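Structure, as structure tokens:
The values are calculated or read from the model by the stated rules, or taken from the named source; none is laboratory data. No experiment lies behind these values; they were computed from the predicted model shown. FYI the Cβ positions are ideal-geometry reconstructions off the backbone, even for glycines, and counts take in every protein chain you see. Calculation scope for accessible area: heavy atoms of the full protein, side chains included, ligands and nucleic acids excluded. Shrake-Rupley method; radii C 1.70, N 1.55, O 1.52, S 1.80 Å.
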Amino acid sequence: MTGAVALAPAAIRGSTQILGVIGDPIAHSASPAMHNAALAHLGLDYVYVPYHVKPAGVSSLGPAIRSLGIRGLNVTVPHKIGVMAIVDDLSEAARQIGAVNTIIHQDGHLTGDNTDAYGIAASLREDGGLSHLPSHVVLLGAGGAARAVLHAVLQDEGVEHVTVQNRTMDRATALAQELGQGRATACALGDTTSIEQAGLLINCSSVGLAPEVDVSPVGDGAGLHQDMVVVDIVYKPLRTRLLQQAEAVGARTVDGLGMLVHQAARAFELWTGQRAPVDIMRQALLASVY
Ligand code: ATR
């Protein structure tokens with residue numbers, strides 16, 4: 001814990017507005033630490049709380065949010081698709097990605113948004129120093145996280161081709177076809193030719209996540225080279241096996257903290273209208289997770 005970051009709001013009053021996160025499980029979530037630190041830092045009259053919501057509870061969330069006047073919610077595993085049915089409208093990003101990670105409540109109207117794509121784009125720019133993305137990109141994984149990352153990467157018109165690598169080829173093929181805008185193809189996990197040609201590789205699979213810290217989604221690292229940026233959205237551990245392999249060949253590396261912080265910062269801004277104190281949120285995340 002760092003002493004510099006307040007992890008709880010200063011006071012809860014009659015006027016305090018509620019924000020929160022729903023998931024199943026939820027106790028491990030770092031979002032309350034990040035958001036409460038940001039709210040305390042700016043002196044805003046909100047509190048951010050975790051809600052353990054089981055899948056059977058999702059269908060009744062809409063009336064609950066409205067009647068309790070909850071101002072906004074983050075949505076995490078396994079509800080990102082289920083909540084699409086309970087909101088009144090979807091942002092363009094949420095619609096295209098096919099998942100919601102943020103609900104904004106305004107006067108009874110619920111909007112479902114997705115800030116994960118914003119989060120990876122901001123991290124690539126600010127943590128990876130990539131104001132423009134390279135023309136060839138490799139994504140590892142084809143699950144929910146990969147959908148948001150593919151959507152984000154393809155917003156950059158300089159990206160000519162994305163190779164989606166996944167253990168289960170059918171999922172990679174389906175993702176490339178559905179969201180690829182004609183600029184994505186699928187291939188097997190670990191294909192070295194596409195890695196050799198890539199200027200950017202992003203791991204969106206869960207390979208390397210604690211406790212399986214000794215494995216890498218690219219096996220022994222064949223194909224990694226010094227002229228690429230390697231991003232791992234796994235943030236526990238921070239220095240994954242993949243990032244160690246990338247460092248060993250002289251590639252620039254970006255860990256998963258940035259995406260997590262920036263997706264939270266964007267949600268914070270959507271709810272409060274205030275610029276998020278990103279560094280405070282990052283410190284709170286570090287203090288709560290490691
Ligand atoms: P998320 O929503 O976090 O992306 P997910 O939808 O369960 O989670 O996706 C997890 C991703 O990690 C998938 O691409 C999965 O590959 P499959 O589609 O083949 O299941 C990948 N993954 C998980 N464990 C893996 C392993 N041991 N080896 C290779 N890929 C793995």
message = Quick test of your reading of the structure: T163 fulfils all but one of (1) out of contact with any helix residue (DSSP H, G or I) (no Cβ under 6 Å at 6 or more places or on another chain); (2) buried (at least 16 other Cβ atoms within 10 Å of the Cβ). Name the failing condition by number.
response = (1)
request  = Quickly run through segment 200-234 and pick out the residues that are under 16 Å from N166 (Cβ atoms), more than 9 Å from the ligand (Cβ to nearest atom) and β-branched (V, I, T).
outcome  = I202, V218, V234
request  = Determine if segment 196-204 includes at least one residue that is β-branched (V, I, T), surrounded by fewer than 20 Cβ atoms within 10 Å (Cβ to Cβ) and in the same structural domain as E160 (by TED's automatic domain parsing).
outcome  = no
ask   = Where residues in segment 93-113 are under 15 Å from the mean Cα position of the chain (by Cα) and open to solvent by 10 Å² or more (accessible area, probe 1.4 Å), which of them is nearest to the ligand (Cβ to nearest atom)?
value = A99
query = Hey, among A146, A172, A152, which residue is crowded, with 21+ Cβ neighbours inside 10 Å, under 22 Å from the mean Cα position of the chain (by Cα) and farther than 19 Å from T115 by Cα?
reply = A172
ask   = Taking segment 129-153, which residues are away from the ligand (no atom under 16 Å from the Cβ) and in a helix (DSSP H, G or I)?
value = none
note = E212 meets each of (1) open to solvent by 10 Å² or more (accessible area, probe 1.4 Å); (2) in contact (Cβ under 8 Å) with a residue 24 or more places away in the chain; (3) not in a helix (DSSP H, G or I) with one exception, condition (2)
query = Can we say L73 is touching a strand residue (DSSP E or B) at 6+ places or on another chain (Cβ under 7 Å), away from the ligand (no atom under 16 Å from the Cβ) and open to solvent by less than 10 Å² (accessible area, probe 1.4 Å)?
reply = yes
query = Is there a residue being of a type in the set (D, E), in the same structural domain as P134 (by TED's automatic domain parsing), in contact with a strand residue (DSSP E or B) (Cβ under 9 Å, 6 or more places away or on another chain) and part of a helix (DSSP H, G or I) anywhere in segment 169-189?
reply = yes
request  = For segment 117-128, indicate whether the set of residues that are buried (at least 18 other Cβ atoms within 10 Å of the Cβ), under 20 Å from S194 (Cβ atoms) and within 13 Å of the ligand (Cβ to nearest atom) is non-empty.
outcome  = yes
request  = Check whether at least one residue in segment 235-248 is within 11 Å of the ligand (Cβ to nearest atom), outside any strand (DSSP E or B) and at pLDDT 95 or above, and report yes or no.
outcome  = no
